[in-house]
Amino acid sequence: MHILAIESSCDETSAAVISNGKIRSNVVSTQLIHQQYGGVVPELASRAHQQHILPVVREALEQSNLAKNDLNAIAFTRGPGLLGSLLVGVSFAKAMALALKIPLIEVNHMQAHVLAHFIDEPRPSFPFLCLTVSGGHTQIVKVTAPLEMEIIGETLDDAVGEAFDKGAKILGLDYPGGPLVDKLAATGNPHAFEFPIPEIPGLDFSFSGIKTAFLYFIQKQSSANPSFIQERIHDLCASLQFTLTETLLRKLKKAARQTGIKEIAIAGGVSANSGLRDAVLEAGEKLGWNTYIPKFEYCTDNAAMIAMAAAFKYEKGEFSDQKVSPLARMEFGG
Ligand code: KG4
Ligand code: ZN
């Protein structure tokens, strides 16, 4: 059983091939054009997907040593994501499935981030909790079977990746700022500056207050000392990173306590953050969790995770018809 999977929800054009549950290839092309605008420009993203999709798919097939006629299904990200970007992947997948006369499989992007944990060993056992943290989402998901997931906590405003990126922008760093904050934080003091950790009831999150507190603090300090950012950049990044990851960790611990689940995973772009990875590992050791931290290549957007999710759907016979259209907002199972 061979499936070609396509991911085009935001600013990565990616294609992967999976055979009997094993990833054979995973090609990711990141759009660099957005850097100069300080954020993803949707119109430019969909144009870049159109330019990249054919070479990326060709490369993924070539690396897998398979021909298109060997494929049994074509999978694609249906949503959530940018509508114009999704449309490129969805149309491409539909056309290819139609031409090859093989079934189509739609995949939920956030579900795929969680299922990235099934690409390699060790795999979490059910039920497990997954903290899924990306540029568009912040969720705690309770996973009872490969395709059975329930969101038990989520952000009420910004996503944590967005908070990293906006914080970085305030510091004058390039987009996407998350990885740069991580790098600069490595030699900074996480307790140099203190920002408020939001007190939101239940398992939900909020990040807009941290962003505003950070902005006002920087504005105040910079007006007294114009080279404040430059002088304290490492401490600023480390303190921002600590505040954001501590906010995540408190809720993850609460979710583990409330559900009694000790199988704990993290996923999504922000799961590449070294502060978060270390904090989850440390909490796991103290609290007796089995922790699952994804490989870096499976944290940020990639088609291997779409292929993995598609393999589970193929087994269950869950296919889509040619009328399927992208959905910018998409609940699990929706
Ligand atoms: O999952 P992803 O690639 O795309 C979405 O589905 O949104 O996540 C992208 C987000 C961006 O906000 C980026 O800044 C953040 O993940 N990110 C990081 C790191 N690597 C990526 N944030 C903090 N530290 C990192 N090392
Ligand atoms: Zn993502």
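Restricted to Cα atoms, the stretch 122-293 shows a radius of gyration and a Dmax of 16.3, 55 angstrom.
Note on K142: lysines with a C-alpha under 23 Å away, same-chain residues under 8 apart excluded, are K251, K253, K254, K262, K286, K295, K313, K316. Across the stretch 135-152, coupling constants 3J(HN,Hα) worked out from phi with the 6.51/-1.76/1.60 Karplus curve, θ = phi - 60°, read x, x, 9, 9, 9, 10, 10, 9, 10, 9, 7, x, 10, 10, 9, 10, 7, 9 Hz, and Gly and Pro carry x. Each 20 Å bin, from zero up to the one with the longest distance, holds this percent of the alpha carbon pairs of the chain: 32, 55, 12, 0.
The GluC sites (Glu not before Pro) of the stretch 149-214 that meet both conditions, a loop assignment by DSSP and at most 10 other Cβ atoms within 10 Å of the site Cβ, are E199. Normalised by the number of residues in the chain, the average gap of Cα pairs under 8 Å and 6 or more apart makes the relative contact order 25 percent.
Counting only Cβ charges, +1 for Lys and Arg and -1 for Asp and Glu, the dipole size of the chain around its Cα centre is about 320 debye.
Of the residues A224, L86, F214, the one whose Cα sits farthest toward the positive end of the charge dipole of the chain, with +1 on the Cβ of Lys and Arg and -1 on the Cβ of Asp and Glu, is L86. Comparing mean-square fluctuations of T243, T212, T132 from a GNM of the chain with C-alpha springs under 10 Å, the top value falls on T212.
Taking 8 Å as the Cα distance limit and 6 or more residues as the minimum spacing, I'd like the relative contact order of the stretch 181-334 as a percentage.
Computed over the stretch 181-334, the figure is 23 percent.
If I build a Gaussian network model for the chain, linking alpha-carbon pairs within less than 10 angstrom, which residue out of I233, I306, I105 has the largest mean-square fluctuation? Maximum fluctuation in the GNM of the chain, among the listed residues, is at I233.
Excluding same-chain neighbours fewer than eight residues apart, the lysines reachable from K220 by a Cα-Cα span under 30 Å are K166, K169, K183, K211.
Dipole orientation for the stretch 122-293: of the candidates N273, G135, G161, N273 has the Cα lying most toward the positive pole (charges on Cβ; Lys, Arg +1; Asp, Glu -1). Quick check: Cα centre of the stretch 72-86 to Cα centre of the stretch 217-233, how many Å? One Cα centre to the other: 43 Å. Residues considered: L248, L83, L54. Largest GNM mean-square fluctuation over the chain, using C-alpha springs under 10 Å, is found at L54. Per residue, the stretch 122-293 exposes an accessible area of 45 Å² to a 1.4 Å probe, with every protein chain left in place.
Carbon-plus-sulfur accessible fraction, the chain (probe radius 1.4 Å, protein heavy atoms only): 51%. Compared with the dominant Cα axis of the chain, that is its longest principal axis, helix 228-259 is turned about 60°. A straight line joining the Cα centroids of the stretch 4-20 and the stretch 151-202 runs 28 Å. For K101, the lysines whose Cα comes closer than 17 Å to its Cα, not counting residues fewer than 8 places off in the same chain, are K68, K323. With just the Cα atoms defining each centre, how far is the stretch 257-277 from the stretch 115-144? Give it in Å. The distance from the Cα centre of the stretch 257-277 to that of the stretch 115-144 comes to 8 Å.
Label sites at E59 and M1, each approximated as a point 7 angstrom past Cα along Cα to Cβ, lie 2.8 nm apart.
Using a simple spin-label model with pseudo-atoms 7 Å out from Cα toward Cβ, I33 and K316 lie 3.6 nm apart.
The values are calculated or read from the model by the stated rules, or taken from the named source; none is laboratory data. Computed from a prediction, not measured in an experiment: that's the story for all the values here. Every residue, glycine among them, receives a Cβ derived from its backbone with ideal geometry; neighbour counts consider all protein chains shown. Note: areas computed on protein heavy atoms with side chains; ligands, DNA, RNA excluded. Shrake-Rupley method; radii C 1.70, N 1.55, O 1.52, S 1.80 Å.
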